[in-house]
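The values are calculated or read from the model by the stated rules, or taken from the named source; none is laboratory data. As the structure is a computational prediction, the values presented were derived from the model and not from experiment. Every residue, glycine as well, gets a Cβ built from its backbone with ideal geometry; the counts of neighbours run over all protein chains shown.
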Amino acid sequence: MKTDGVLVRATYHVGRRLFGQVPTPQKLMAQRPALMLGLGGLWTAIEYGGTLERELRALLQLHVAALYGVPY
């Protein structure tokens, strides 16, 4: 479907903007755009619908990234 390509390109753009490159899980999910869309909605809801303050959430993300030795 033509809209699948637009969806994949849009999510790749977001991945590059957030992480500097397209994350591997995102590349895998691109094989099933409906899955990518559903999980993207879930992660968006978690990110923006949570009850943690923005600064605390960022600090936790940085700490977890440091624990696992991955770039933030």
- Selection within segment 32-72 - within 12 Å of V8 (Cβ to Cβ) and modelled with pLDDT of 90 or more: none
- Message: Looking at segment 37-51, I want the residues that are part of a helix (DSSP H, G or I) and have a partner that is at pLDDT below 80 with Cβ atoms under 9 Å, at least 6 apart or on another chain. Which pairs are those?
- Response: none
- Looking at (1) part of a helix (DSSP H, G or I); (2) surrounded by 10 or more Cβ atoms within 10 Å (Cβ to Cβ), can you tell me which one V22 breaks? (1)
